[in-house]
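Only one structure is covered here, and it is reproduced in the block below.
The values are calculated or read from the model by the stated rules, or taken from the named source; none is laboratory data. From a predicted model like this one, the values you see are computed outputs, not experimental measurements. Please note: Cβ atoms are built from the backbone with ideal geometry, for glycine as well, and neighbour counts cover all protein chains shown.
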Amino acid sequence: MAGNDKQDGLTRRGFMKALGIAGIASTGLNTGKALAQEAAGKAPSLPKRKLGKTGVEVSILSLGGMFDTLNNQLLLRQAHNWGVTYWDTAEGYGNGMSEDGFGRYFTRNPAARKDIFLVTKFRQGTAEAMTENLDKALKRLCTEYVDLFFIHGIKDFSEIAEPKPLKQWVAAMKKAGKMKFFGFSTHANMEDCLLAAAKTDWIDAVMFTYNFRLMHTDKMKQALDACTGAGIGLVAMKTQGGGPVKTDSEAELQMAGRFLEKGFTDKQAKIKAVLENPNIASVCSQMPNLTILSANVAAARDLTKLGGSDFELLHRFASETREGYCAGCGRICGDAVAGDVPVSDVMRCLMYYREYGDRELAREVYAGLPREARQKLTEIDYTNAEKICPQGLAIAALMREASELLA
């Protein structure tokens, strides 16, 4: 675009004007049409897909509960009404307050529980501790069971594969009727975790980081094929892969302008790109307000498929901007710094701070990292880690930024 304000038929000035009017970072041009159809009683239902071998059909859009659900009961009602019936939360979201919010909704709307595919998660512990934690979660959620329980945030499948008591605990909880299905979530080394899970017979579903930046790699394709073959249900998270469009980036403006002309925001297009894979049962998205919820629902309802040129544009954009995105391959940089600093976890905190705009969450997650690791953050030599980082990240500078912003 150098020396030319044109970008595929849309002028830069016109695009920037549309950016201001449409709120491209959070809403969508197709939203108005969807809401009009809703009011007229003609809105299409939100599609559902089977969650692997569970055989259960879930909405292709999942409500991520990492927000103040207690004081956003209207949003929960609207999500329910619009067919977003896969709800995801965790013990750690607001120290249980997210679960409390879902529980309040079920208490006020008892008939709603049968409509909702309910998921919660927490970190692994002893069988006794996990039973106690699950009982507390069920009490907060005001329900007798969860449809799916995840061990939260593993980095290596050995974390859950080696301790035999975990498999026995899962069987006991299923027999007691406290959970229907079991799996894990992962933000790091996703491909290795998925490949290992596919070799087992007791993992029902996995929630993992997956987006337009990661879907093209051979290893990710291999991992998804393996899980699909094993009947493991797949739920994608972190689907935006870098946050909202930045108006100072020509590459991002070009991409966003292309989708704006087609009637989508860049964020809607990224969700649709993930859902083009029929093996992804649902996309879990944090939707803390009605604007984002309605935009995502509109994207999920719209049956217009992205074309090959759209995927090519996303792929090219991902390649050109990869130095600004952590792909979650934490083992690579972790080994390079001898495990002294959990680089991928720190990068996730930066993502919450910069791209989610949730500074409180970023600092909360950062504070939960080992104190010794936080103290070493600016003392480590990251030269080797930077040399082998597949994304070419300036890790040392990013770790300094995290120390300054989050400490």
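What tally of residues in the stretch 86-95 results from selecting those that are surrounded by 21 or more Cβ atoms within 10 Å (Cβ to Cβ) and either acidic (Asp, Glu) or closer than 19 Å to TYR145 by Cα (or both)?
Taking the stretch 86-95 as the starting set, the residues that turn out to be surrounded by 21 or more Cβ atoms within 10 Å (Cβ to Cβ) are 86-90, 93-94.
In the following step, the residues that additionally are either acidic (Asp, Glu) or closer than 19 Å to TYR145 by Cα (or both) were identified as 86-90, 93.
Qualifying residue count, the stretch 86-95: 6.
Can you find a residue in the stretch 253-269 that is β-branched (Val, Ile, Thr) and at pLDDT below 90? So far as the stretch 253-269 goes, yes, one or more of its residues are β-branched (Val, Ile, Thr) and at pLDDT below 90.
A quick yes/no check of all residues on (1) outside the structural domain of LYS50 (by TED's automatic domain parsing); (2) under 24 Å from GLU261 (Cα atoms); (3) part of a helix (DSSP H, G or I):
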{"position": "LYS272", "(1), (2), (3)": "no, yes, yes"}
{"position": "ASN277", "(1), (2), (3)": "no, yes, no"}
{"position": "ALA281", "(1), (2), (3)": "no, no, no"}
{"position": "ILE292", "(1), (2), (3)": "no, yes, yes"}
{"position": "ASN296", "(1), (2), (3)": "no, yes, yes"}
{"position": "ALA299", "(1), (2), (3)": "no, yes, yes"}
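Within the stretch 107-126, restricting attention to residues that are outside any loop (DSSP other than H, G, I, E, B) and among the β-branched types (Val, Ile, Thr), the residue that is farthest from ASN95 (Cα to Cα) is THR107.
Out of curiosity, is SER294 modelled with pLDDT under 90, surrounded by fewer than 24 Cβ atoms within 10 Å (Cβ to Cβ) and either hydroxyl-bearing (Ser, Thr, Tyr) or in contact with a helix residue (DSSP H, G or I) (Cβ under 7 Å, 6 or more places away or on another chain) (or both)? Explain how you work it out, then say what you get.
Values: modelled with pLDDT under 90: no; surrounded by fewer than 24 Cβ atoms within 10 Å (Cβ to Cβ): yes; either hydroxyl-bearing (Ser, Thr, Tyr) or in contact with a helix residue (DSSP H, G or I) (Cβ under 7 Å, 6 or more places away or on another chain) (or both): yes.
No.
When LEU313 is tested against (1) surrounded by fewer than 15 Cβ atoms within 10 Å (Cβ to Cβ); (2) not assigned by TED's automatic domain parsing to the domain that holds HIS80, exactly one condition is not met: (1). Scanning the stretch 149-181 for residues that are hydrophobic (A, V, I, L, M, F, W, C), in contact with a Gly (Cβ under 9 Å, 6 or more places away or on another chain) and within 26 Å of SER344 (Cα to Cα) yields PHE149, PHE150, ILE151. Taking GLY241 as the residue in question, decide whether it is surrounded by 22 or more Cβ atoms within 10 Å (Cβ to Cβ), more than 21 Å from the chain's Cα centre (by Cα) and at pLDDT below 95. So GLY241 fails the test.
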